[in-house]
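K.L.:
One structure, as structure tokens, below. Some questions next.
The values are calculated or read from the model by the stated rules, or taken from the named source; none is laboratory data. If you're wondering where the values come from, they're calculated on a predicted model, not measured in any experiment. With ligands, DNA and RNA removed, areas are computed over all heavy atoms of the protein, side chains included. Shrake-Rupley method; radii C 1.70, N 1.55, O 1.52, S 1.80 Å.
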Amino acid sequence: SYYRDPNITAVEPRAGPSDGGTHVVVRGAGFGAFTSPDARAACRFGDVAVPLNVFNDTAGECVAPRRAELAVPPVPGWYLQVPVRLALNGQDFGPEPPPSAAAAFTYYAPPRVLSTWPHGGADGGGTNVSFEAEGLPMGGAARAAASGPTAPKCVFGNASKLGWVQNATDHGSVLAARDADARWSFLGGWDERGGWCLLPRMFEGSLSASRTVDFAVALNGQDVGGGAGDASGSVAFVVFPQPSLLAGDA
């Protein structure tokens, strides 16, 4: 069977940490032009191929390999941009796109949060939390639009549960939600040294004791620290019950 090479119009997210593991949704057209009987469809990041899970004719998903697996010479700085190409038969990859094309993925050094102020907040949410961190510039990688699924986020809680908000199988755009044990909010502002965000509502329907959760930053909206679910770049943040005054209290 002859088929036309699929066309890539976007990768989401467009960047991820150097430790790999980023779930990358590839969008475009012609992904259903050929279905390999032995499921050999593949993505290639630079010179390393990984399996491609084709959702439909316009979308698929692959997991970014570790930057250390790529056979590339040392480059100045701590980030690297590589082209992303597809091979529906697992062998014939399309032509390499120019560096400025949408079909490119950037590896960046994992960010590390150093401290927050304040160190805790009420579980009703709304606290303005400022933080200091290292590794926020992303090495020049394109920042996703604010409020989008891949936009930078502050994460409170179990970072391994952080996910996107739609189902890729149905929508061909973003990953299934996995945020049952994590709360997050979009970064309200940030620079090379830190930023701020609002503490989301952490109240779960009943009075609870104070608890300590992880606070971390996901620059691509998905990966915390070194990779998905890695909270090594996090700090402790205390969540306490919302204070209240009862009738008759002084």
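K.L.:
Roll a 1.4 Å probe over the protein chains and send me the accessible area per residue for the range 1-126 in Å². Intermediate results must be reported in sequence, preceding the final value.
P.N.:
Values: 6170 Å² over 126 residues.
About 49 Å² of surface per residue is accessible.
K.L.:
Keeping the other protein chains in place, figure out the carbon and sulfur percent of the accessible area of the range 1-140, with a 1.4 Å probe. If you can, show how the numbers build up before the last one.
P.N.:
Values: 3450 of 6690 Å².
On the range 1-140, the fraction of accessible area on carbon and sulfur atoms equals 51 percent.
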